[in-house]
Amino acid sequence: MVSPGAVFLDRDGTVIEDVGYLCAPEQVHFKRGAAAALRRMSGAGWPLVVVSNQSGVGRGLISRQQAGAVHDQFIDALAEERIFLAGVYYCFHLPSDGCDCRKPAPGMLIRAAGELELDLPASVLIGDKTSDMEAGVACGCRCILIGGSPGDGWSRWSTAADMESMAEMILSADS
């Protein structure tokens, strides 16, 4: 049985600050309003799923151990805020690898939907890059670009100034 939709989240630049190739746990810091927005979404019954390109591993700039330590800190920071994820999916490939998981390809979302029994057209993808939006559009998700300009998506996605505005958009559409 497929459950209702989820909120798919890009990690760096959306939920946490984007500092380039994140390689140390102490670099994990929530973006303003992100934790409160995620708590609201989760409290309203939306499963939260992270889908994140992490090519620093494929480029050799970050070791798998460093990526694991950053991931552990990310999960711990979420738990401290009483936020729990339904799933986390990372793509470590290079852009030139031609994989089906690296956004803008929809592979991570499709895999998560299959494993977690989620309805993609009932889901929302939140990100800070056009590649995030394109992955969501390819799956039929509603998409919201954080910090984007109106018109960036030629009406294929919405924009929100920040995570707090995003949560308000989704929750007001639900009521």
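The values are calculated or read from the model by the stated rules, or taken from the named source; none is laboratory data. The structure displayed is predicted, hence computed values, not measured ones. Because the Cβ atoms are built from the backbone with ideal geometry, glycine has one as well, and the counts that use them run over all protein chains shown. Heavy atoms of the whole protein, side chains included, go into the accessibility calculation; ligands, DNA and RNA do not. Shrake-Rupley method; radii C 1.70, N 1.55, O 1.52, S 1.80 Å.
Okay, here's what the table says:
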{"read-out": "Restricting the range 93-137 to residues that are among the hydroxyl-bearing types (Ser, Thr, Tyr) and open to solvent by less than 40 Å² (accessible area, probe 1.4 Å), the residue that is farthest from residue 159 (Cα to Cα)", "value": "123"}
{"read-out": "Per-region count, the range 1-45, residues within 17 Å of residue 114 (Cα to Cα) and more than 13 Å from the chain's Cα centre (by Cα)", "value": "5"}
{"read-out": "Looking only at the range 8-37, and only at residues there that are over 25 Å from residue 57 (Cβ atoms) and not basic (Lys, Arg), the one that is most open to solvent (accessible area, probe 1.4 Å)", "value": "36"}
{"read-out": "Residue pairs meeting the criteria (Cβ under 7 Å; at least 6 apart or on separate chains; first in a helix (DSSP H, G or I), in the range 164-175; second open to solvent by 30 Å² or more (accessible area, probe 1.4 Å))", "value": "164/36; 167/40; 169/158; 171/40; 171/44; 174/44"}
{"read-out": "Residue 66, sole failed condition from (1) out of contact with any Cys (no Cβ under 6 Å at 6 or more places or on another chain); (2) open to solvent by 50 Å² or more (accessible area, probe 1.4 Å)", "value": "(1)"}
{"read-out": "Residue match in the range 138-150 (condition: modelled with pLDDT of 95 or more, open to solvent by 50 Å² or more (accessible area, probe 1.4 Å) and under 22 Å from residue 55 (Cβ atoms))", "value": "yes"}
{"read-out": "Qualifying residue in the range 154-161 (condition: among the basic types (Lys, Arg), surrounded by fewer than 22 Cβ atoms within 10 Å (Cβ to Cβ) and at pLDDT 95 or above)", "value": "no"}
{"read-out": "Residue in the range 50-63 that is farthest from the chain's Cα centre (by Cα), counting only those that are open to solvent by 30 Å² or more (accessible area, probe 1.4 Å) and under 18 Å from residue 108 (Cβ atoms)", "value": "58"}
{"read-out": "All helices (runs of 4 or more DSSP H) inside the range 20-129 with 1 or more residues being under 26 Å from residue 161 (Cα atoms)", "value": "34-43, 64-80, 107-116"}
